[in-house]
Amino acid sequence: MLTRKTQVAVEIEATEGTAETLEAADAFLASNVDFQPAIEVNERDPLRSNLSPWASLPGKRQATVTFDVDLAGTGTPGDPLPFADALKACGVSETLVANTSATYKPASDNVPSVTISVYIDGKIYKTWGARGTFKLDLASGKPGVIHFTLTGADWSEEDGAMLSGVSYNTTLPPVLLSANFSIDAYAALIDSLSLDAGCGVTLRPDINKPSGHRSAMISSRKPTITFDPENVLVATYDFLGKWKSGALMALSATLGSDAGNTVAISAPKIQYQEARLGDRAGLSIFELTGLCTVDSGDDEWQIQIT
């Protein structure tokens, strides 16, 4: 079987923890796909007259699926992102305005569980009752990449055909250039930027389920943004002073400018949590990590495609 012949599909579950049947419309472009099933092992070690091991008992099951997607709109303002269901399972809300925008922000309520299938050249690996977290990485001159980690409550493996009739998004992702990056109204010179959703994921035990789990749930959230501004004089901008004071600062950046493929990333109240001096090809830089703090609630960061 060829690993190049791989598909990923995600669908929101009508009933939490009950597997959905995946269709062509649920598939999207992904890379670096990995499916890791797991079974809890209950070892048995009774006292006996020899040192030979006894057979163990398989217990609770779960699975972890990781994959990357390029951050790209569809070219039509107001269309959802092709991988929107995966985002929603990471505690993200979606607001669509026809012919205008698609906006994604954190959500604390009504976070759906999803079924994920990974098709590998004649085999299907599926997990359900899944939720997770993501990290968006941006680097100068490159497209944004979202790294997903989704945890499922049970899993299956079976022989089966790949999805047919899939229509993939052909819009090219914008790259991080002419980004109008700003932190605290200061146009810092940076080379990279990351947004980590920081969702804490736990499994809900349920002895009535064959896997011992009802579903995965998001039990906490601590989103952070990291970036690497060039060091400047205190008189120009006082990065460490802002850290000392606990200042809350707005951050924003934009990728692209085409309709339906312009991505605006923002956070209204960043507070520095860590600062380190670094070096970038002989230039003194800071490596900064900021906590995305609450504004009015469920709005500590935003990704909007227009």
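A short reminder: the numbers here are calculations on the coordinates, not readings from a lab. Computed from a predicted structure; not experimentally measured. Ideal geometry is used to build each Cβ from the backbone, glycine not excepted, and the neighbour counts take in all protein chains shown.
If you take the residues in the stretch 73-95 that are touching a residue at least 60 places away in the same chain (Cβ under 8 Å) and not in a loop (DSSP other than H, G, I, E, B), which one is surrounded by the fewest Cβ atoms within 10 Å (Cβ to Cβ)?
Only one residue tops the list, namely Ser93.
Restricting attention to the stretch 173-205, and to residues there that are closer than 22 Å to Leu87 by Cα and touching a Pro at 6+ places or on another chain (Cβ under 8 Å), which single residue is surrounded by the fewest Cβ atoms within 10 Å (Cβ to Cβ)?
The selected residue is Val175.
Please give the number of the condition Val65 fails out of (1) within 16 Å of the chain's Cα centre (by Cα); (2) at positive phi.
Val65 satisfies all of (1) within 16 Å of the chain's Cα centre (by Cα); (2) at positive phi except (2).
Looking at the stretch 101-132, which of the residues that are among the small types (Gly, Ala, Ser) and in a loop (DSSP other than H, G, I, E, B) is farthest from Gly78 (Cα to Cα)? Lay out the reasoning, then the answer.
Narrowing the stretch 101-132 to residues among the small types (Gly, Ala, Ser): 101-102, 107-108, 113, 117, 122, 129-130, 132.
So of that shortlist, the ones also in a loop (DSSP other than H, G, I, E, B) come out as 107-108, 113, 122.
Details: Ala107: 20, Ser108: 23, Ser113: 24, Gly122: 35 Å.
Looking at residues that are among the small types (Gly, Ala, Ser) and in a loop (DSSP other than H, G, I, E, B), I get Gly122.
Determine whether the stretch 162-171 contains at least one residue that is closer than 30 Å to Lys60 by Cα and either part of a strand (DSSP E or B) or not hydroxyl-bearing (Ser, Thr, Tyr) (or both).
As a first pass, look at the stretch 162-171 and keep what is closer than 30 Å to Lys60 by Cα: 162-163.
Still in the running and either part of a strand (DSSP E or B) or not hydroxyl-bearing (Ser, Thr, Tyr) (or both): 162-163.
Yes, the stretch 162-171 contains a residue that is closer than 30 Å to Lys60 by Cα and either part of a strand (DSSP E or B) or not hydroxyl-bearing (Ser, Thr, Tyr) (or both).
Have a look at Ala19, Ala55, Ala98 and point out the one that is among the small types (Gly, Ala, Ser), more than 30 Å from Ser257 (Cα to Cα) and surrounded by fewer than 16 Cβ atoms within 10 Å (Cβ to Cβ).
Being among the small types (Gly, Ala, Ser), more than 30 Å from Ser257 (Cα to Cα) and surrounded by fewer than 16 Cβ atoms within 10 Å (Cβ to Cβ) holds for just one of Ala19, Ala55, Ala98, which is Ala55.
How do the pairs read when you match residues in the stretch 48-72 that are aromatic (Phe, Trp, Tyr) with residues anywhere that are crowded, with 21+ Cβ neighbours inside 10 Å and not in a strand (DSSP E or B), using Cβ under 7 Å and keeping only pairs 6 or more apart or on different chains?
Listed pairs, sorted by first residue: Phe67/Ala30.
Given (1) surrounded by 15 or more Cβ atoms within 10 Å (Cβ to Cβ); (2) closer than 30 Å to Ala9 by Cβ; (3) among the charged types (D, E, K, R), where does Asp258 come up short, assuming only one miss?
Answer for Asp258: the failing condition is (1).
Confirm whether Glu40 is assigned to a strand (DSSP E or B), of a type outside the set (A, V, I, L, M) and closer than 26 Å to His213 by Cβ.
Spelling it out, Glu40 is indeed assigned to a strand (DSSP E or B), of a type outside the set (A, V, I, L, M) and closer than 26 Å to His213 by Cβ.
Give me a count of the residues in the stretch 138-161 that are part of a strand (DSSP E or B) and either surrounded by fewer than 17 Cβ atoms within 10 Å (Cβ to Cβ) or of a type in the set (Asp, Glu) (or both).
Looking only at that region, the number is 8.
Against the condition among the basic types (Lys, Arg) and over 24 Å from Lys142 (Cβ atoms), how does Arg204 come out, does it pass?
Values: among the basic types (Lys, Arg): yes; over 24 Å from Lys142 (Cβ atoms): yes.
Judged against the criteria, Arg204 is a match.
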